[in-house]
Amino acid sequence: MHAWPASDVPALPGKGRDLRIHDTATGGPVTVAPGPVARIYVCGITPYDATHLGHAATYNAFDLVQRVWLDTKRQIQYVQNVTDIDDPLLERAARDGEDWTGLAERETALFREDMTALRMLPPQHYIGAVEAIPGIVPLVERLCDSGAAYVLDGDVYFSVEADPHFGEVSGLDAEAMRLLSAERGGDPERPGKKNPLDPMLWMAAREGEPSWDGGSLGRGRPGWHIECVAIALDHLGMGFDVQGGGSDLAFPHHEMGASHAQALTGEHPFAKAYVHAGMVGLDGAKMSKSKGNLVFVSTLRRDGVDPAAIRLSLLAHHYRSDWEWTDQVLETAVARLERWRAAVSRPDGPAAASLVEEVREALSDDLDAPAALAAVDRWAALQEATGGTDEGAPGVVSRTVDALLGVAL
Ligand code: 5CA
Ligand code: ZN
């Protein structure tokens, strides 16, 4: 699949800082990507509805990761998937009497437009589940051959016991895992499974549903976790730096993915850090396509909201906190954008060298975007109150906000 166009990222004076970020598996901050090449996999959308602000907030977090790395001149290998075949997609297409491929293509196209408008940097490899199937089948076959997978009425399941590290990503106990598994696409109640938590690797073809050639597995379609594993191993290999997604992916998705990959390769870990963004809510509940309590990026854009203001709304919250979208959040961002634009439109201003360092410091410390915004706010307030004589300053501020926060002033 093709991704979306990249916006330019201006180079900044001085030296960028290494990123320290919270890792779910160890429960603490880790310095990621020590070498010159940084490898990141971010779970992509299931394209059965438009991009809501929860999605946008999560992709904003991983866009910041890239921007911190680019500031250190690291080379980045960034991979993202599109879950363009899965139950929710088929259910929505059936509900609306629409072809599932048309639905997936349309919503993926809209996602690209939203990402472009929000100035999220694109992945180098943007891979759909359907196009990954030829790579998924041999992995499932290998897991079967090694005894890490088993067949139940034609469906193939992964045995969580096959990975001695199972449970280390989320750190949850068995009961919590069971509850989340039932909530998030698993089938712990299905009789005949070796362990109720075992996730499906390959689903045998169902009447009236699309299916693909699965070699010795028979016709069917891939499970969700093996999709991301196949794509990540193909383009990044084991031991890549960051696996990212919203906190609802820690279990089962990232837990199971890590175990699939570790059982396949005998190596550990799948990713060196598992990074999770908080959930954005609306009216007291997590924004979710299944609940329907959504604010779409595309709706705001159509209503004339500046994408830079949407982005500032996201940046005003620390990526790990859960927060609520309200009109007030957007109004605050619109006002901030106006203040910043007025401040950088003057020919000179207060010196900005320390501002660049403050924004760098804030982002390198677990992506503290609110602290970065506060630093820019202080410069803008000084500009408004007293002004300054530094002719380069407004340009430096503008480029800092552009390069490190993705906001065009
Ligand atoms: N296709 C899978 C990942 S392989 C998937 O979870 N798709 S999704 O469309 O449901 O979600 C895409 C990303 O947005 C995931 O990282 C998910 O954790 C995140 N996300 C979903 N809802 C919210 C929300 N309310 N707030 C923050 N992030 C969210
Ligand atoms: Zn994924």
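The values are calculated or read from the model by the stated rules, or taken from the named source; none is laboratory data. Predicted model only: the values in this text are computed from it and were never measured. For neighbour counting, all protein chains shown are included, and Cβ atoms are generated from backbone atoms with ideal geometry for every residue, glycine included. Keep in mind that these areas ignore ligands, DNA and RNA; they rest on the heavy atoms of the full protein, side chains included. Shrake-Rupley method; radii C 1.70, N 1.55, O 1.52, S 1.80 Å.
When restricted to residues that are modelled with pLDDT under 95 and open to solvent by less than 20 Å² (accessible area, probe 1.4 Å), the range 229-286 contains 1.
Scanning the range 65-82 for residues that are crowded, with 23+ Cβ neighbours inside 10 Å, aliphatic (A, V, I, L, M) and not in a strand (DSSP E or B) turns up 65, 68.
For the range 8-56, residues that are over 18 Å from residue 362 (Cα atoms) and within 16 Å of ligand 1 (Cβ to nearest atom) total 18. Taking strands (runs of 3 or more DSSP E) as the structural unit, those lying wholly within the range 120-174 and holding at least 1 residues that are open to solvent by 60 Å² or more (accessible area, probe 1.4 Å), in contact (Cβ under 8 Å) with a residue 12 or more places away in the chain and in contact with a helix residue (DSSP H, G or I) (Cβ under 6 Å, 6 or more places away or on another chain) correspond to 125-128.
Just so you know, in the range 1-31 the residues that are under 12 Å from residue 76 (Cβ atoms) and within 19 Å of the chain's Cα centre (by Cα) include one that is surrounded by the fewest Cβ atoms within 10 Å (Cβ to Cβ), and it is 6.
Residues that are under 27 Å from the mean Cα position of the chain (by Cα) and either buried (at least 16 other Cβ atoms within 10 Å of the Cβ) or more than 13 Å from residue 250 (Cβ to Cβ) (or both) within the range 184-194 comprise 185, 186, 187, 188, listed in sequence order. Quick check, is residue 178 loosely packed, with under 15 Cβ neighbours inside 10 Å and either more than 16 Å from ligand 1 (Cβ to nearest atom) or assigned to a loop (DSSP other than H, G, I, E, B) (or both)? Taking the combined requirement at face value, the residue does not satisfy it. Number of residues in the range 5-32 that are touching a Lys or Arg at 6+ places or on another chain (Cβ under 6 Å), closer than 25 Å to residue 278 by Cα and outside any strand (DSSP E or B): the value is 1. When you check residue 225 against the structure, is it within 23 Å of residue 150 (Cα to Cα), open to solvent by 10 Å² or more (accessible area, probe 1.4 Å) and within 13 Å of ligand 2 (Cβ to nearest atom), yes or no? Considered against the rule, which asks whether it is within 23 Å of residue 150 (Cα to Cα), open to solvent by 10 Å² or more (accessible area, probe 1.4 Å) and within 13 Å of ligand 2 (Cβ to nearest atom), residue 225 comes out as yes.
Do we have residue 64 as under 12 Å from the mean Cα position of the chain (by Cα) and more than 16 Å from ligand 2 (Cβ to nearest atom) here? Criteria met by residue 64. Of the helices (runs of 4 or more DSSP H) lying entirely inside the range 326-409, those carrying at least 2 residues that are without any contact (Cβ under 8 Å) to a residue 24 or more places away in the chain are 327-344, 353-364, 369-385.
What is the one condition in (1) within 16 Å of ligand 1 (Cβ to nearest atom); (2) not in a helix (DSSP H, G or I) that residue 59 does not satisfy? (2) is the only condition that residue 59 fails.
In the range 67-85, the residue that is farthest from residue 102 (Cα to Cα) out of those that are among the hydroxyl-bearing types (Ser, Thr, Tyr) and within 16 Å of ligand 2 (Cβ to nearest atom) is 78. With the structure loaded, tell me whether residue 272 is under 27 Å from residue 20 (Cα atoms), away from ligand 2 (no atom under 16 Å from the Cβ) and either in contact with a Cys (Cβ under 8 Å, 6 or more places away or on another chain) or of a type outside the set (Val, Ile, Thr) (or both) or whether it fails that test. Against the criterion (under 27 Å from residue 20 (Cα atoms), away from ligand 2 (no atom under 16 Å from the Cβ) and either in contact with a Cys (Cβ under 8 Å, 6 or more places away or on another chain) or of a type outside the set (Val, Ile, Thr) (or both)), residue 272 qualifies. Applying the set (1) farther than 30 Å from residue 173 by Cα; (2) not in a strand (DSSP E or B) to residue 38 leaves exactly one unmet item: (2).
Listed by first and then second residue, the pairs with beta-carbon distance under 7 Å, at least 6 apart or on different chains, first residue in the range 192-204 and without any contact (Cβ under 8 Å) to a residue 60 or more places away in the chain, second of a type in the set (S, T, N, Q) and not in a loop (DSSP other than H, G, I, E, B), are 197/181.
Restricting attention to the range 32-42, the residues that are within 17 Å of the chain's Cα centre (by Cα) and open to solvent by 10 Å² or more (accessible area, probe 1.4 Å) total 1. In summary, residue 28 fulfils each of the numbered conditions (1) touching a strand residue (DSSP E or B) at 6+ places or on another chain (Cβ under 6 Å); (2) without any contact (Cβ under 8 Å) to a residue 12 or more places away in the chain with the single exception of condition (1). Residues that are surrounded by fewer than 19 Cβ atoms within 10 Å (Cβ to Cβ), part of a helix (DSSP H, G or I) and not charged (D, E, K, R) within the range 94-107 comprise 94, 101, 102, listed in sequence order. For the range 375-407, the set of residues classified as charged (D, E, K, R) and within 36 Å of the chain's Cα centre (by Cα) consists of 377, 378, 399, 402, listed by residue number.
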